[in-house]
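Every number in this text was worked out from the coordinates using simple rules, so none of it is lab data. Note that the structure is predicted; figures quoted are calculated from it, not measured. For neighbour counting, all protein chains shown are included, and Cβ atoms are generated from backbone atoms with ideal geometry for every residue, glycine included.
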Amino acid sequence: MAAELKRAAHIVNHVTAAKAAGRTGDAFQTVALTGPTSKLTRRSDTVLARRWAMARARLVVEADWLSSCERGACRDPRAATWLKTVSLIRSVPHLERPALVQKLFSRRIRYERDPSFDDHWATPLATLLRGAGDCEDHVLLKRAVLMAAGYGDTDTRLLILRTASGAGHMALEVDGPQTLVLDNRYRYPTNTRSMTGDRVAAIATGQGYFTLN
């Protein structure tokens, strides 16, 4: 938890709080990030926390299967498509991989909103094969590919955001010499300045789902 709190302080330093920080009552709670003392609170009782827990379980199962295919345990053409993509990402130096992931999927995966009655978080392989998905699908795909290409579970975080317009959104934060944000609204990785107006409501990691307060 100490490491997660340290990362929360880092998030505070690179996300600008919007002026109207007092709005509440939505699925994405607005959070005024006022300084490095912002605290992470582990949650399991919200809709998004439960959704992330279920998604994590599916991601582990899929990643294990794809890993077994890479070792030669299967000849499924779906796995071959996945492994070809991961091989491409691995072909560049480690620090260049987030940028390549962002550029590649900005071209290959079109944005497609879920029906209002069904906010479905697709598995990474399903999104890759379909070639379409919403912001959550983009994030889960990028995270899974980066992990398959050598990034650790603690090197990335899902940022659950409230945008300047008040909409909910999700992006992926990736650790490195410069922390990058992979956001399907942009073709290339973004930095602190380009996130002005977005506010972090929560983060999701391999250790759980945390709200900021």
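Below is a table of values for the structure above.
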| item | result |
| --- | --- |
| Hits in region 92-109 (condition: surrounded by 15 or more Cβ atoms within 10 Å (Cβ to Cβ) and of a type outside the set (A, V, I, L, M)) | Arg97, Pro98, Gln102, Phe105, Ser106 |
| From the options Leu95, Leu83, residue that is within 20 Å of Thr123 (Cα to Cα) and either assigned to a helix (DSSP H, G or I) or under 18 Å from the mean Cα position of the chain (by Cα) (or both) | Leu83 |
| Selection count where residues are outside any helix (DSSP H, G or I), surrounded by 15 or more Cβ atoms within 10 Å (Cβ to Cβ), in contact with a helix residue (DSSP H, G or I) (Cβ under 7 Å, 6 or more places away or on another chain) and without any contact (Cβ under 8 Å) to a residue 60 or more places away in the chain, scope region 110-154 | 2 |
| Among residues of region 36-80, those that are within 30 Å of Gly168 (Cα to Cα) and either part of a loop (DSSP other than H, G, I, E, B) or among the basic types (Lys, Arg) (or both), counted | 13 |
| Which numbered condition Asp175 misses (of (1) buried (at least 23 other Cβ atoms within 10 Å of the Cβ); (2) closer than 19 Å to Val92 by Cβ; (3) not small (Gly, Ala, Ser)) | (1) |
| Residue, surrounded by the fewest Cβ atoms within 10 Å (Cβ to Cβ), within region 155-170, restricted to residues that are under 8 Å from the mean Cα position of the chain (by Cα) and more than 16 Å from Asp119 (Cα to Cα) | Leu158 |
| Subset of region 186-213 [surrounded by fewer than 15 Cβ atoms within 10 Å (Cβ to Cβ) and under 25 Å from Ala132 (Cβ atoms)] | Tyr186, Arg187, Tyr188, Ser194 |
| Only listed residue being among the polar types (S, T, N, Q), in contact (Cβ under 8 Å) with a residue 40 or more places away in the chain and out of contact with any helix residue (DSSP H, G or I) (no Cβ under 7 Å at 6 or more places or on another chain), chosen from Ser68, Ser106, Ser87, Ser91 | Ser106 |
